[in-house]
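Visitor: Shown below is the structure under consideration.
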Amino acid sequence: MSWHGASRPVTKDLRMGTMLALVLMVFVSSAIGQQKDQAKKYKGTGTTSNLRNIVIGRCYHYMSLNPSIGDKNCTGVWQELLDAVQRKDPCKITQEDYKRLTLVAAQTIPCDKTLLWSRTNDLVHRYTRATENFVTLEDTFLGFLLNGLMWCGKSLRPGFNFKSCPAWNECDHNSISSFWKMSSAAFARASCGVVNVMLNGSADGDIARKESIFRTVEIPNMDPTRVSEVKVWIIDDIQGEDKNSCDSKSTLELKQYIEGHKLKYSCIDNYRPVQALQCAENPDIAACKQCKY
Ligand code: ZNA
């Protein structure tokens, strides 16, 4: 009897104790989880310091340089960037997450002005700065806002991760590569007339890497009813080797690939206006002293 009588409070105590232990376990494991998340080290650098001020400042700067774009709501654009990545695993950001940002940043691109590039990042932007005849993604509103910057959010928590972010190839769907894929697709879709592409004739390997954004995103997103021609410029470094040109095997394969997307193709080796820029920058080298320009 007494055993029975005493058993009730003991069972109650046991139950209470088990519950307390469970609550404590859940609490401790979630705290450890949060700590892990905080300490998580990605291979890339963290979000650029002062990101908000830079993006909002670039937004107003772009409007002052390009009045034709009209009035953009700069804090609204910032909010869309924030909403695309915050409270999300930075390795699980898809192009879809940037859809609203791409919509608020939409812009018309004049026909015949698009200049795409692959492995010519430096030269292509020196060229567009010098001539202002062409528009690269980085000269569009969306590309201008985020060019050269780093950003990523934190799983389940608001704001950005300033400690580290996934590097380009660290995971398939990271905040940086998904953004550039989404914005490149939007740019290619908005392009019309002759679309130019500056490729690197002195770089190793194929003229356009199989996994490049140019091949995987930009070509498939061009509208053959609006794009009259894809004009490939193959530029060698002014003192570099001529590893690829219009008649190289990989260039002919690229031609097939472009034509396979119902787009007209043309190719030009060492397009003179670009070579003239290379020579303006290196007037004393032998290749530039042939009175050709
Ligand atoms: N402004 C940018 O930071 C940027 C612009 C980044 C990525 C893509 N873009 C677009 S796509 C650009 O406006 C061109 O029109 C397109 C070029 O992309 P691509 O064909 O893949 O050419 P690329 O030279 O191989 O890569 C372009 C840039 O992408 C590089 O300068 C890197 O910033 C980045 N990138 C691409 N692949 C990798 C990478 N970074 C690290 N590892 C990679 N494997």
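Visitor: Scanning the range 170-190 for residues that are over 11 Å from the mean Cα position of the chain (by Cα) and not basic (Lys, Arg), which turns out farthest from the ligand (Cβ to nearest atom)?
Guide: His173
Visitor: Right, here's the next one. Quick one: which residue in Gly57, Gly46, Gly17 is out of contact with any helix residue (DSSP H, G or I) (no Cβ under 8 Å at 6 or more places or on another chain) and modelled with pLDDT under 95?
Guide: Result of the check over Gly57, Gly46, Gly17: Gly17.
Visitor: Being without any contact (Cβ under 8 Å) to a residue 24 or more places away in the chain and polar (S, T, N, Q) is the requirement here; does Asn174 meet it?
Guide: Criteria not met by Asn174.
Visitor: So Asn121 ticks every box in (1) modelled with pLDDT under 95; (2) within 12 Å of the ligand (Cβ to nearest atom); (3) not charged (D, E, K, R) but one. Which box is left unticked?
Guide: Against the list (1) modelled with pLDDT under 95; (2) within 12 Å of the ligand (Cβ to nearest atom); (3) not charged (D, E, K, R), Asn121 comes up short only on (1).
Visitor: Restrict the check to the range 197-218 and report whether at least one residue is open to solvent by 70 Å² or more (accessible area, probe 1.4 Å), under 19 Å from Leu115 (Cα atoms) and in contact (Cβ under 8 Å) with a residue 60 or more places away in the chain.
Guide: For the range 197-218, residues open to solvent by 70 Å² or more (accessible area, probe 1.4 Å), under 19 Å from Leu115 (Cα atoms) and in contact (Cβ under 8 Å) with a residue 60 or more places away in the chain: present.
Visitor: Does at least one position in the range 195-214 carry a residue that is within 30 Å of Asp97 (Cβ to Cβ), of a type in the set (Ser, Thr, Tyr), within 11 Å of the ligand (Cβ to nearest atom) and not in a loop (DSSP other than H, G, I, E, B)?
Guide: no
Visitor: Output yes when any residue across the range 255-278 is surrounded by 15 or more Cβ atoms within 10 Å (Cβ to Cβ), within 16 Å of the ligand (Cβ to nearest atom), basic (Lys, Arg) and within 17 Å of Ser118 (Cβ to Cβ), and no when none is.
Guide: no
Visitor: Out of the residues in the range 219-241 that are over 25 Å from Glu281 (Cβ atoms) and surrounded by fewer than 16 Cβ atoms within 10 Å (Cβ to Cβ), which is farthest from the ligand (Cβ to nearest atom)?
Guide: Thr225
Visitor: Say whether the condition of being open to solvent by 50 Å² or more (accessible area, probe 1.4 Å), touching a helix residue (DSSP H, G or I) at 6+ places or on another chain (Cβ under 7 Å) and closer than 21 Å to Gly57 by Cβ is met by at least one residue in the range 133-142.
Guide: yes
Visitor: Go over the candidates Gly148, Gly153 one by one and state the one that is out of contact with any Cys (no Cβ under 6 Å at 6 or more places or on another chain) and either polar (S, T, N, Q) or away from the ligand (no atom under 15 Å from the Cβ) (or both).
Guide: After applying the criteria, what remains is Gly153.
Visitor: Could you list, ordered by first residue, the pairs with Cβ atoms under 6 Å in which the first is in the range 130-146 and farther than 19 Å from Ser118 by Cβ and in contact (Cβ under 8 Å) with a residue 40 or more places away in the chain and the second is of a type outside the set (Gly, Ala, Ser) and outside any helix (DSSP H, G or I), at least 6 apart or interchain?
Guide: Phe141/Gln107
Visitor: Let me ask something else. Please list, ordered by first then second residue, the pairs with beta carbon atoms under 8 Å, 6 or more apart or interchain, first in the range 63-85 and closer than 18 Å to Gly143 by Cβ, second among the hydroxyl-bearing types (Ser, Thr, Tyr).
Guide: Ile69/Tyr62; Lys72/Tyr62; Cys74/Tyr60; Ala84/Tyr98; Ala84/Ser175; Val85/Ser175
Visitor: Related question: Across the range 125-137, which residue is nearest to the ligand (Cβ to nearest atom) among those that are modelled with pLDDT of 95 or more and either on the phi > 0 side of the Ramachandran plot or in contact with a strand residue (DSSP E or B) (Cβ under 9 Å, 6 or more places away or on another chain) (or both)?
Guide: Here the answer is Leu137.
Visitor: Right, next: Inside the range 219-263, can you point out the residues that are touching a residue at least 24 places away in the same chain (Cβ under 8 Å), of a type in the set (S, T, N, Q) and assigned to a loop (DSSP other than H, G, I, E, B)?
Guide: Gln239, Asn244, Ser245, Ser248
Visitor: Can Cys91 be described as within 16 Å of the ligand (Cβ to nearest atom) and farther than 27 Å from Gly193 by Cα? Please lay out each step first, then the result.
Guide: Details: within 16 Å of the ligand (Cβ to nearest atom): yes; farther than 27 Å from Gly193 by Cα: yes.
Spelling it out, Cys91 is indeed within 16 Å of the ligand (Cβ to nearest atom) and farther than 27 Å from Gly193 by Cα.
Visitor: Ok, one more. Would you say Glu80 is part of a helix (DSSP H, G or I) and out of contact with any helix residue (DSSP H, G or I) (no Cβ under 6 Å at 6 or more places or on another chain)?
Guide: Answer is no for this residue.
The values are calculated or read from the model by the stated rules, or taken from the named source; none is laboratory data. What you see is a predicted model; the values in this text were computed from it and never measured. Quick reminder, even Gly has a Cβ in these numbers, built from the backbone with ideal geometry, and neighbours come from all protein chains shown. Only protein heavy atoms, including side chains, enter the accessible area calculation; ligands, DNA and RNA are left aside. Shrake-Rupley method; radii C 1.70, N 1.55, O 1.52, S 1.80 Å.
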